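Each remark here refers to the structure printed beneath this line.
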């Protein structure tokens with residue numbers, strides 16, 4: 001199979017909100033971000049779909065060697081074949097791809113995190129690093145855009161954690177810090193029950209507030225001159241923050257049912273942001 005088609009199918013079949021934002025990119029950038037996301041899906045699937053920890057670690061080590069082979073110009077996998085010609089076009093650091101693998105391996109090493117400080121490293125590796133690579137693909141001039149990308153990745157991951165809290169608990173993984181569970185009087189066993197008690201609701205409100213803070217920090221850190229280039233990230237932010245709003249409006253009943261946006265709504269949100277940012281960029285150019 002053609003490597004680019006392989007990555008497109010991997011991304012589309014994931015059902016990710018990111019897919020709807022990618023569609024608005026120019027062809028070369030769309031190829032690059034799709035290949036990057038396909039890589040993330042591949043290594044994430046190793047941990048999620050492999051029941052034998054030893055085999056999962058072996059597969060992740062294979063991916064480490066495959067990334068080294070990619071940067072040596074000798075890829076074997078369809079995803080790395082897709083990435084190879086893009087290395088000359090975009091500043092995709094090898095160490096960042098290795099960080100993503102390290103982040104996925106943390107799911108084998110840790111089943112819970114004592115505090116948010118401990119959780120932050122995980123979020124950085126599996127989400128902020130992806131944001132930093134995406135920012136390179138989209139293009140920027142001001143280094144503050146890197147801070148924006150970091151914070152937006154954190155916001156996305158914290159939103160995912162809240163959305164998937166029961167599903168993750170059933171897999172034996174708890175991404176809500178242990179000290180905060182204790183602070184709000186919620187046990188790990190409570191996360192397995194389809195009951196939204198006042199304590200659970202207060203705990204989840206706290207998680208949502210933290211995510212909101214990261215969204216706001218990201219927006220504040222994005223320089224005006226880079227907004228239009230980074231519009232795909234803003235489309236993703238609109239989709240993810242809308243999902244967070246749905247969770248909030250539903251009373252944080254994520255233990256009772258899965259909350260998600262329809263594909264049509266995701267596409268509508270992405271289109272709305274694309275249109276808004278184009279108008280804003282036109283005004284920015286006129287004011288220069």
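The values are calculated or read from the model by the stated rules, or taken from the named source; none is laboratory data. Given the structure is predicted, the values throughout are model-derived calculations rather than measurements. Methodologically, a virtual Cβ is constructed for each residue, glycine included, from the backbone with ideal geometry; neighbour enumeration extends over all protein chains shown.
Points to keep in mind about this one:
- Flag set for residue 274, criterion: part of a helix (DSSP H, G or I), at pLDDT below 95 and either assigned by TED's automatic domain parsing to the domain that holds residue 133 or within 22 Å of residue 136 (Cβ to Cβ) (or both).
- Yes/no for residue 118 being surrounded by fewer than 22 Cβ atoms within 10 Å (Cβ to Cβ) and either outside the structural domain of residue 174 (by TED's automatic domain parsing) or more than 24 Å from residue 169 (Cα to Cα) (or both): no
- Residues in the range 190-206 that are assigned to a helix (DSSP H, G or I) and over 27 Å from the mean Cα position of the chain (by Cα): 198, 199.
- Exclusive hit being farther than 18 Å from residue 89 by Cα and touching a helix residue (DSSP H, G or I) at 6+ places or on another chain (Cβ under 7 Å), set 56, 68, 35: 56
- Test: residue in the range 115-137 that is in contact with a helix residue (DSSP H, G or I) (Cβ under 6 Å, 6 or more places away or on another chain), more than 18 Å from residue 100 (Cβ to Cβ) and not in a helix (DSSP H, G or I): yes
- Out of 83, 60, 97, sole residue that is touching a residue at least 24 places away in the same chain (Cβ under 8 Å), crowded, with 16+ Cβ neighbours inside 10 Å and within 17 Å of residue 127 (Cα to Cα): 97
- Odd one out for residue 27, checked against (1) modelled with pLDDT of 90 or more; (2) in contact with a helix residue (DSSP H, G or I) (Cβ under 9 Å, 6 or more places away or on another chain): (2)
- Every listed requirement among (1) under 19 Å from residue 153 (Cα atoms); (2) surrounded by fewer than 16 Cβ atoms within 10 Å (Cβ to Cβ); (3) under 20 Å from the mean Cα position of the chain (by Cα) is met by residue 223 save one, (3).
- Unmet criterion (only one of (1) more than 30 Å from residue 86 (Cα to Cα); (2) surrounded by fewer than 22 Cβ atoms within 10 Å (Cβ to Cβ); (3) at pLDDT 95 or above) for residue 176: (2)
- The range 241-271: number of residues that are without any contact (Cβ under 8 Å) to a residue 12 or more places away in the chain, closer than 25 Å to residue 213 by Cβ and either outside the structural domain of residue 168 (by TED's automatic domain parsing) or surrounded by 11 or more Cβ atoms within 10 Å (Cβ to Cβ) (or both): 2
- Of the residues in the range 165-172, at least one is surrounded by fewer than 19 Cβ atoms within 10 Å (Cβ to Cβ), under 19 Å from residue 251 (Cα atoms), within 25 Å of the chain's Cα centre (by Cα) and touching a residue at least 40 places away in the same chain (Cβ under 8 Å).
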